[in-house]
Amino acid sequence: MLNYLAAFSSRSQAFKFYELCKNAGCSAQVVNRGTGAGCCLSVSIAYKDYDAAAEIISSGGFNTFKGFTKESGSMLGDGGVDIKCQYPRLPNNRTNLL
């Protein structure tokens, strides 16, 4: 199943995002993935829940959000996923992944 990772450079904001996603009925889990964003925590979101997750990010309060990336089997040598040129910040200019 295809998932997306929402990367944050703050552990507290990653957990806040996770809680809001769960409250909105999204399939989400906190994962320990080094994305190069700083804290090595990301939130894995089911593909079907991307729109709801993007709305949560767009609502504000996530100044350490680095972007979404596809979660796949291709990992970097350090065990992280490459997020550098995937999907940029959303708030003012929402990016559609499809």
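The values are calculated or read from the model by the stated rules, or taken from the named source; none is laboratory data. None of the values given here were measured: they were computed from a predicted structure. Cβ atoms come from the backbone with ideal geometry, glycine included; neighbour counts cover every protein chain shown.
The selection criterion, being at pLDDT below 75, of a type outside the set (A, V, I, L, M) and out of contact with any Ser or Thr (no Cβ under 6 Å at 6 or more places or on another chain), holds for Ser72. Checking every residue in the stretch 32-39 against the condition of being of a type in the set (S, T, N, Q) and modelled with pLDDT under 90 gives at least one match.
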